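The values are calculated or read from the model by the stated rules, or taken from the named source; none is laboratory data. Not measured: the values here are computed from a predicted model. Positions of Cβ are backbone-derived with ideal geometry, glycine not excepted, and every protein chain shown enters the neighbour counts. All accessible areas refer to the heavy atoms of the entire protein, side chains included, with ligands and DNA or RNA removed. Shrake-Rupley method; radii C 1.70, N 1.55, O 1.52, S 1.80 Å.
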Amino acid sequence: MSYIKSTFRHPSAKVNSLGFAKTAYEGALSTLCAGCGHDSISAAIIQSFFEMNIEPHKIAKISGIGCSSKTPTYFLGKAHGFNSVHGRMPSVSTGANMANKDLQYIGISGDGDTASIGMGQFAHVVRRNLNMIYIVMNNGCYGLTKGQDSATADIGSAGKKGVENQFAAIDLCQLALQLGAGYVARSFSGDKKQLIPLIKGAIEHKGFAFIDVISPCVTFNNVPTSTKGYEYVRDHLDATGTIDFVPERQELKIIHPEGTSKEVKLHDGSKLILKKNTHDYDLSSKREAMGIIETVREQKKILTGLIYLHEDPQDTHKKINSVDKPLNSLSQGEVCPGNAVLDALNEGFR
Amino acid sequence: MKETDIKDINYFHKVVDCQYACPAHTPVPEYIRMISAGRFDDAYMINWESNVFPGVLGRTCDRPCEPACRRGRVEDQPVAICRLKRVAADHKGDIKHRLPDIPKQKNGKKIALIGGGPASLTVARDLMPLGYHVDLFDDQYKGGGFMRSQIPSFRLPEEVLDEEVNYILDMGIRTHFKHKVNSLKEMLTKDYDAIFIGTGAPRARDLPKLEGRAEADANIHLGIDWLANVAFEHTKEIGEKVLVLGGGNTAMDCCRTARRIGGKDVRIVVRSPQADMKASPWEIKDAQGEGIPMFENHTPKAFVCEKGKLVGMLFELVTAEYDENGRRTLVPTGEADIFMECDDVLMALGQMNAFPWIERDLGIEFNDWDMPEVDKTTFQTSLAHVFVGGDAAWGPENVITAVAHGHQAAISIDKYCRGQDTKDRPNPGTTLISQKMGFHDWLYNAPVSSDKRHVVEHVDTNLALTSMKIEVEKGFSLEQGLNETLRCLNCDVQTVFEKDRCIECDACEDVCPTNCINFVENEEEDLLRQHLKMPADNLDQALLVSGELKTKRVMVKDENVCLHCGLCAERCPTGAWDMRKFLLNEAKAGR
């Protein structure tokens, strides 16, 4: 039996500006099926956090149940983590975020965990604009229970068993848009060039950032008849524009000829540079974003890239007017100020 | 870049860095795996087939394999390949029954070998099983050549040498020891079908013009001659204060030998900076470990005598300056000359070939340096049935190079005797076999040990210095040896990629610990090397490039620091990657 990953790395591998090697962002070796799209997403997450110079212990990764929700074991091994109940990742994330808003929250979910059992939870975490990254590893099937169609499987798509799906698919990006997410993107596990800048943008985004990543299930849903297999997805990708993430202070390395690209500024001054293509629309317009998803779908294609960006400074904490300090750092006296305060409060209701 | 042609055996051969660097191309990872499996006889025989003297080389080899070892690029130290060879030799059982059968019916061809060193013995080893009649001539009383006369017994015990020399001599070679060949002309009259000259590089460099050289002659010794005299017990002592001139391995052997037969204050004095010394780093370290100091940048100026006897040497201090071509000049510093007292001086300043016994009118062409012209491939001289190999061919090298020469010369002699073209060289035998056993299961030990290089223990220095016969290195214990085998990265287990099976899921790219694997747009090699995840800066190491994939990209793998851990194949859902063992056995005479 092999299956042990060596601790040796490339001798010229660099460290990031914190002095951490990429190994500090890695996790255990994956036990998912060989070739699973989820592993590529894990690799993209590792790369993004490494390059964004975020200390691993300032990250919390939270997941539900499913193949996708196993992945936090395989990345950011030094971060906080909570593998929660099926479909309940949003509640647990919300709770954790309430207790300590200083951490960077990344929620990992699957199409079953989000679009079926966790649908209600998903809807509410979006509308509350919780400051987190929400990644759905979307393979259109229930891989862990042998590949039944999930709620994101397209009508007419058939997995390994060969039976066409009869039910309408839930488009999670449209749903997130409708519910008020400020950062909505779709990507493909096999396209790290696009996925990594999207994750970096999501890390910088303040508020709810949603990325739906199509991630083929190599065991049950990677056949030519499936709309979520490697081959089909590659043949039907249609990006909103190639994307680069440029951190604050860094000079633009690639000069885009005038008019061929547009910049999207994030709150901290970093930028997302989008190379324009035929889908040139106002990224901050919810209506146009909705429209373009529909248009591309009608063309039997899959829209990927950054679809919508509109930073809403009112995240959950702002909306509920919580104190500036993380709640878990409040002292006993601050949380429980004593009888005199209680009495005064009660007096106020008389 | 063009798609890599993996059918070209040179491609995978080059990936096995150690084997490629070895002059005899010994299949190193293969025998290391055998040791790991406790199959010491098999490990020994792989070596014996390839390098003829595993026990000798496991102690004394110049180890060109080790600087080449991939492990040395992944971490600080290469695998202790040389000392593992000794593990195989130390732990083997009786292997005599595995030696080749010697036909009783000879083929009627007679071969003479002049010189009884590693090159000649290798020729004999390769030709005897083919039915040749072999006569061996040497001026020593036993076989082994420089292995016997130059390598002191505290580094190479005589029993070890005797055993391996005798495996060959016992094949039925007719030996003529204590027989110095003084005329090739005379040899040519003796009706041999072919003659092989393996007489080494027996002439030591001297400082004939240095002031006081003649007067002090009684206490000035030429290193190689002196070592031979010690080995054959003609010389049994030396003065207390000894200066050894020279910075090569012979100098190291001289000073360590001197320490054992009376030398108390033994010093090495070199003209150049210590960093330029030719001796192997480990031999320098061993000499230093025996309390031998080194003095660098000291150029000999005079032998100083009093009353006709050597009392010391005078040295001029220099500093090394290098021009833009890296050529060195030693420039005097102008400081006062240094005087060092001494009773004896050993000169180990290098060796030369010398052929006073080859008449110049025999039809053998000699070049401008008065050396016979020898073909680099066939080892043939312009006199078709005379062949030269080992140090005799192009000057001092080492045992393993002599063995490699011997194999090639044997091929040529065999072809010549059969009336075939000696230029037409046989190909090595190669196989490429999948190592997959099942799910997560390989025929080789895929996980990579993170052990640091294990250190071979030495006997206590005070004890070691009491005798020429006490071997300094103890060799690896069995446990150390087995742990050291696990450090081998199995570079012969090749990563083979079949593009038509690839679905471009990136699993291999993601899991690869050293980021060797890339899926990128194809470009010219120099650009491609820069555009990989980890720039492929080691130009000696090849890129494995696939044909065009469905997405128009190509798979590019930088061979440089691949750990051969098999994770790419492990994580490949379609079997596009496979781990296949590439075994290359160098061609041999008659096969």
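Starting with the highest mean, order B:285-292, A:36-43, B:340-347 by the number of other Cβ atoms within 10 Å, averaged over the residues of each peptide.
Packing proxy ranking, top to bottom: A:36-43, B:340-347, B:285-292.
For the protein assembly as shown, build the charge dipole from Cβ charges (+1 Lys, Arg; -1 Asp, Glu) around the Cα centre, then report which of A:310, A:332, B:554 sits farthest towards its positive end.
Farthest along the dipole direction, towards plus: A:332.
Taking amide H positions as placed in the peptide plane 1.01 Å from N, state which residues far from residue A:214 in sequence (5 or more) or on other chains have amide H under 5 Å from it.
A:138, A:187, A:188, A:189
Can you give me the distance in nm between label points at residue B:282 and residue A:225, each placed 7 Å from the Cα along the Cα-to-Cβ direction?
6.3
What fraction of the DSSP beta bridges in chain B is antiparallel, stated in percent and rounded to the nearest 5?
60
Once the convex hull of the C-alpha atoms of region B:7-137 is built, how many Å³ does it hold per residue, rounded to a whole number?
That works out to 142 Å³ per residue.
For residue B:211, tell me the accessible area in Å² from a 1.4 Å probe, rounded to the nearest 10.
The accessible area of residue B:211 comes to roughly 130 Å².
How large is ³J(HN,Hα), in whole Hz, for each residue of region A:146-156 in order, when computed from phi with the Karplus curve 6.51 cos²θ - 1.76 cosθ + 1.60 and θ = phi - 60°, using x for Gly and Pro?
My calculation for region A:146-156 gives 6, x, 5, 4, 9, 6, 9, 5, 6, 4, x Hz in order.
Restricting things to alpha carbons, find the Rg to Rh ratio for chain B using the Kirkwood radius for Rh.
Rg divided by Rh gives 1.00.
What's the center-to-center distance, using Cα atoms, between region B:1-79 and region A:129-168 in Å?
Here the two parts' Cα centres lie 51 Å apart.
So how much accessible area does residue B:506 have, in Å² to the nearest 10, using a 1.4 Å probe?
Per-residue accessible area (residue B:506): approximately 10 Å².
Give me a comma-separated list of calculated 3J(HN,Hα) values for region B:515-531, in order, Karplus coefficients 6.51, -1.76, 1.60 applied at θ = phi - 60°, integers in Hz, x for any Gly or Pro.
So the Karplus estimates, Gly and Pro as x, are 6, 7, 9, 9, 10, 9, 6, 6, 8, 5, 4, 5, 6, 4, 4, 7, 9 Hz.
For q values of 0.18 Å⁻¹, compute log₁₀ I(q)/I(0) with the Debye formula on a Cα-only model of region B:444-591, without solvent.
So the normalised log intensities work out to -1.06.
Using only atoms on other chains, find how many Cβ atoms lie within 10 Å of each Cβ of peptide B:127-137 and report the average.
That average works out to 0.
For chain B, what is the mean residue ellipticity at 222 nm derived from helices alone (per DSSP H run of n ≥ 4: -39500 (n - 2.57); sum divided by total residues; nearest 500 deg cm²/dmol)?
Mean residue ellipticity, 222 nm, calculated: -7500 deg cm²/dmol.
Have a look at the DSSP beta bridges in the protein assembly as shown and tell me what percent are antiparallel, nearest 5.
Bridges in the protein assembly as shown are about 50 percent antiparallel.
Less than 18 Å apart at the alpha-carbon level, and either on another chain or at least 8 residues along: which aspartates and glutamates does that give for residue B:180?
The reachable aspartates and glutamates, counting only those whose Cα sits under 18 Å from residue B:180, are B:135, B:138, B:139, B:225, B:359, B:391.
Sequence-distant or interchain residues sharing an amide H contact under 5 Å with residue A:308, placed H: which?
Amide H to amide H, under 5 Å and 5 or more residues apart or across chains, residue A:308 pairs with A:184.
Among the listed pairs B:209/B:469; B:96/B:588; B:241/B:474, which are separated by more than 31 Å between their Cα atoms?
Distance filter (> 31 Å) returns B:209/B:469.
Hey, in the GNM for chain A with a 10 angstrom Cα cutoff, which one of A:223, A:264, A:335 fluctuates hardest?
Looking only at A:223, A:264, A:335, the largest GNM fluctuation is found for A:335.
Taking the Cα centre of the protein assembly as shown as origin and charging only Cβ (+1 Lys, Arg; -1 Asp, Glu), how large is the dipole, in debye to the nearest 20?
Result for the protein assembly as shown is approximately 2120 debye, rounded to the nearest 20.
Would you mind giving the mean number of other chain beta-carbons within 10 Å of the Cβ of each residue in B:438-449, as a whole number?
Average neighbour count from other chains, rounded to a whole number: 3.
Could you let me know the centre-to-centre spacing of region B:288-353 and region A:274-318, using Cα atoms, in angstrom?
Their Cα centres are 80 Å away from one another.
Extension gain residue A:334-residue A:319, at 0.36 nm per residue separation less the Cα-Cα distance, in nm?
Length gained between residue A:334 and residue A:319: 3.3 nm.
Sticking to Cα atoms, compute the Rg of region A:197-343 to one decimal and its Dmax as the biggest Cα-Cα distance, whole number, in Å.
That works out to 21.4, 71 Å for Rg and Dmax.
Which trypsin sites (Lys or Arg not before Pro) does region B:13-120 hold that lie in a coil by DSSP with at most 10 other beta carbons within 10 Å?
B:104
Could you compute how much accessible surface residue B:1 exposes when probed at 1.4 Å, giving the result in Å² to the nearest 10?
My reading of the accessible area for residue B:1 is about 60 Å².
Over chain B, calculate the relative contact order: mean separation of alpha carbon pairs under 8 Å at least 6 apart, over the residue count, as a percent.
Relative contact order, chain B: 17 percent.
Quick one: which of A:98-107, B:481-490 comes out on top by average Cβ neighbours within 10 Å, and what's the full order, highest first?
Result, highest mean first: B:481-490, A:98-107.
Pairs A:301/B:2; A:78/A:325; B:499/B:581: which exceed 27 Å Cα-Cα?
Violating the 27 Å Cα-Cα cut-off are A:301/B:2.
Filter the trypsin sites (Lys or Arg not before Pro) in region B:224-269 to those in DSSP coil with at most 14 other Cβ atoms within 10 Å of their Cβ, and list the result.
Those that pass, being in a loop and sparsely packed, are B:236, B:264.
Which is farthest toward the positive dipole end of region A:22-320 among A:168, A:141, A:131, measuring Cα position about the Cα centre, with Cβ charges +1 (Lys, Arg) and -1 (Asp, Glu)?
The listed residue farthest towards the positive side: A:131.
What percent antiparallel are the DSSP beta bridges of region A:22-320, to the nearest 5?
Expressed as a percentage, antiparallel bridges in region A:22-320 total about 35.
So which of A:265/B:533; A:228/B:533; A:70/A:146; B:92/B:285; A:262/B:552 end up more than 18 Å apart, counting from Cα to Cα?
From the list (A:265/B:533; A:228/B:533; A:70/A:146; B:92/B:285; A:262/B:552), the Cα-Cα distance tops 18 Å for A:265/B:533; A:228/B:533; B:92/B:285; A:262/B:552.
Looking at region A:22-320 from every direction and averaging, what is the projected area of its Cα convex hull in nm²?
Mean shadow area of the hull around the Cα atoms is 14.3 nm².
Give a residue-ordered list of calculated ³J(HN,Hα) values for region B:103-110 (Karplus: 6.51 cos²θ - 1.76 cosθ + 1.60, θ = phi - 60°; whole Hz; x for Gly, Pro).
x, 6, 7, 7, 8, x, 9, 10
Using a simple charge model, +1 on the beta-carbon of Lys and Arg, -1 on the beta-carbon of Asp and Glu, nothing else, what dipole does region B:204-349 show about its Cα centre, in debye to the nearest 20?
I would put it at about 220 debye.
Quick one: compute a quarter of the convex hull surface over the Cα atoms of region A:29-174 and quote it in nm².
The Cα convex hull of region A:29-174, projected and averaged over all directions, gives 8.8 nm².
Show me B:113-125, A:201-213 ranked by packing, highest mean number of other Cβ atoms within 10 Å first.
Descending packing order for the listed peptides: B:113-125, A:201-213.
Can you give the average number of partner chain beta-carbon atoms within 10 Å of each beta-carbon in peptide A:6-18, as a whole number?
Per-residue shielding by partner chains comes out at 5.
Report, please, the projected area of region B:327-414 averaged over directions, based on the convex hull of its C-alpha atoms, in nm².
Taking a quarter of the hull surface, the average projection is 9.9 nm².
Using the alpha-carbon centroid of each, what span in Å lies between region B:81-115 and region B:412-480?
Spelled out, the Cα-based centre of one part sits 16 Å from the other.
Hey, rough spin-label estimate for residue B:479 and residue A:55, points 7 angstrom out along Cα→Cβ, what's it come to in nanometres?
Distance between the two pseudo-spin positions: 4.2 nm.
Just tell me the longest site-free run in chain B, where the sites are chymotrypsin sites (Phe, Trp or Tyr not before Pro) in a DSSP loop having at most 16 other beta-carbon atoms within 10 Å.
Longest stretch, sites excluded: B:440-591.
For the protein assembly as shown, what size does the Cα cloud have along each of its three principal axes, sorted from largest down, in whole Å?
Its Cα atoms span 123, 68, 55 Å along the three principal axes.
Considering region B:204-349, what Rg and Dmax in Å follow from its alpha-carbon atoms?
In order Rg, Dmax, the Cα atoms of region B:204-349 give 14.9, 48 Å.
At q = 0.23 Å⁻¹, what log₁₀ I(q)/I(0) does a Debye calculation on the Cα points of region B:449-528 give, no solvent, two decimals?
Reported log10 I(q)/I(0), two decimals: -1.15.
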